[in-house]
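Rule-based calculations on the coordinates, nothing more; no lab input. None of these values were measured; they are calculated from a predicted model. Ideal geometry is used to build each Cβ from the backbone, glycine not excepted, and the neighbour counts take in all protein chains shown.
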Ligand code: ATP
Ligand code: MG
């Protein structure tokens, strides 16, 4: 058999991992060393050379995008389609199992997946029903609590209140939430994993069946598995399964979501026979970029430690741009991007990365003005947009009348005169009779409601019944098309002024196309519509309108994990934003931020720009910050500062970027070109602590504007103010 294509372009260490005999294997290696490549080749090797059935493989990756790519690459290596291969995210695979074994999992056959927004809405409703004071309890906090418990595999009955009344209340709410979900057949994201775990744990026969089937478990981004995901894998592996995991402890960036990098050690304990393979050659980046990344991550204390080198060229220096504000930053980024495109490069080869989703708006505005097509990953994705969720809610209700969150979403959309009071009555009735809103509505419309309200409710219910009748037996896309138009949604959005309404209608039309191009899983027994609805809930982000178009890529550093781009911009590199304010005081938090920075830098293949702004307006608030400490951690020889704009008359402020390392406490000598930095914290005898917002004038006339925490904003003459630097 000709095995060359599979082993071609692999170095010795990679080849060793790919061809390893069937025994637990852990590949631990730095960014860009070919871990994902090894995983793909391993799958092909097992099928083609070892003769493993594609049915015996289960491959887990981090995103749907990565899963799709993995499938294509394996097919490319094997030259045969592998449709039936179980490749997906943990959530996707868990969902697949639950659909097959809903009965054993204790779920209704038509269970619905709810996303984070639905979940929060449900918790808010629960608060109302239980008359919980939401000034003391934030629904978001409870949502976080519930998900964190589920990520650890814990049900309410596993939790003790430890004599703490707060905790007792949290547990009680968790329990109440579970009841509501169970009654409505609703499954949130964390529940998918937990259920799938319990399914195998509690059904010996099923477990045995899956263990026999999935002998080969391939896991990418292993460092970011949480407790329940890890346990699920371990359960599936049993004593005969062969787990093959690849990961990088330096890229563990989801601790805040329950990921535990410690699983790398745990793996070696749970599978004592584990072979550990290290890959040390980086094939992705120039040596400049790689050395910069290595230098930054070296500041972390808790590391397994590894070498990473490259034979690649030195490449260009990393360019650091210190912008005046976020608009200046966007202008700069778009200018460089424009040059890149004009040089004949693909837009899709350029990525703009940022720490927080909200940063994308200004960049997006700039891109729109410059007429550069772009695509945002994460953020508000297609299936999360309001109008799409509205249409999906109609479809959900048609498929399942007892879906309360869908009911509440559209019962009065478009407006049909069902007011808050009527809704409250329905909720009360539903609670008192432990029944879905749909039944409550029916009962109230025929008895308790009067006149207009009763008519409106009855009209809504007959609309749903009618849509159901009219779409039975139609093709999925005709079904979606019919519902989008006949529900009144299109008409409703047509009334919305200007471009917004138009975009919404375009999006609704796009939903019809999405339904048209939807390929169902042949092995699934659910209806097309149900399958499409699950797909919509799970695969948010895929299938955007312009997926085919060559466009610049915008995403958070978190979503960039595993990807690579010839040109990368890292924006908003400011202390407080990145590293994030929350994490600065906490050493573990700071190390996680630094790992995220390492992930960001190592996405770049040839060219890396780092930008920061002295002043930034974000979430409607202005802030003044220092350049990120991570910039200062990059050795000087790899950095080139670019300041194409004309120097403004604020010498120290402008120099703050790289000077901050040595001149952290600039002397505040009046007359000496001010010597203050915007954003610097100062203390005044009378006014207390504040932050410098502005400065003007020279010498004895120099004045600064300070925003004092308690005394508000004041202009002070610098030579008299007697300020203390903090
Ligand atoms: P990350 O940690 O970011 O997920 P990774 O370790 O998974 O990175 P890959 O994405 O698999 O790394 O590989 C990085 C790049 O190097 C890819 O473009 C890949 O095709 C290339 N590459 C890997 N190994 C080799 C090799 N032996 N020869 C040539 N190119 C290689
Ligand atoms: Mg990878």
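Tell me the relative contact order for the chain as a rounded percent, counting alpha carbon contacts under 8 Å between residues six or more apart.
Relative contact order, the chain: 15 percent.
What residues of the stretch 416-455 lie in the reach of a label at residue 495, counting those whose backbone N is under 20 Å from a point 7 Å from the Cα along Cα→Cβ?
What the label zone holds, given the 20 Å backbone N cut-off, is 416-423, 452-455.
By average Cβ neighbour count within 10 Å, what is the ranking of 365-371, 105-111 from highest down?
105-111, 365-371
Quick one: what does P(r) look like for the stretch 263-378 with 10 Å bins over all Cα pairs, in whole %?
Cα pair-distance distribution for the stretch 263-378, in percent: 10, 28, 29, 21, 10, 2.
Students often check this: by mean Cβ neighbours within 10 Å, which of 509-515, 188-194 ranks highest, and how do the rest follow?
Ranking the peptides 509-515, 188-194 by packing returns 188-194, 509-515.
Quick one: if the Förster radius is 25 Å, what FRET efficiency do residue 270 and residue 307 give, using the C-beta to C-beta distance and rounding to 0.05?
It comes to 0.40.
Which of 82, 676 has the fewest other C-beta atoms within 10 Å, and how do the rest follow up to the most?
82, 676
How would the stretch 1-88 be classified by its alpha-carbon gyration tensor: rounded, prolate or oblate, with rounded meaning a/c under 1.5 and the a/b versus b/c comparison settling the rest?
Rounded, since a/c falls under 1.5.
Taking a spot 7 Å from the Cα of residue 443 along the direction of its beta carbon, which residues of the stretch 450-484 have an amide N less than 20 Å from it?
450-451, 453-462
Which of 216, 265 comes first, and how do the rest follow, when ranked by fewest Cβ neighbours within 10 Å?
Placing the least packed residue first, the sequence is 265, 216.
In square nanometres, what is one fourth of the surface area of the convex hull spanned by the alpha carbons of the chain?
Result: a mean projected hull area of 36.0 nm².
For residue 365 and residue 239, what does the FRET efficiency come to when R0 = 60 Å and r is the distance between their Cβ atoms, rounded to the nearest 0.05?
Between residue 365 and residue 239 the formula returns 0.60.
How far apart, in nm, are the 7 Å Cα→Cβ label points at residue 618 and residue 475?
Spacing of the two 7 Å Cα→Cβ label points: 4.7 nm.
Could you give the alpha-carbon Rg of the stretch 112-184 over 2.2 N^0.38 Å, rounded to two decimals?
The reported ratio for this selection is 1.04.
With a Förster radius of 30 Å, plug the Cβ-Cβ distance of residue 12 and residue 342 into 1/(1 + (r/R0)^6) and report the FRET value to the nearest 0.05.
Plugging the Cβ-Cβ distance into 1/(1 + (r/R0)^6) gives 0.10.
With the Cα gyration tensor of the stretch 382-539 giving a ≥ b ≥ c as the square roots of its eigenvalues, does the rule (a/c under 1.5 for rounded; else a/b larger than b/c for prolate; else oblate) give rounded, prolate or oblate?
oblate
Find the relative contact order for the stretch 382-539 and round it to a whole percent, using C-alpha pairs within less than 8 Å whose residues are 6+ positions apart.
Averaging sequence separation for qualifying contacts and normalising by length gives 25 percent for the stretch 382-539.
Which length gain, in nm to one decimal place, applies between residue 485 and residue 316 when the Cα-Cα distance is subtracted from 0.36 nm times their residue separation?
55.4 nm
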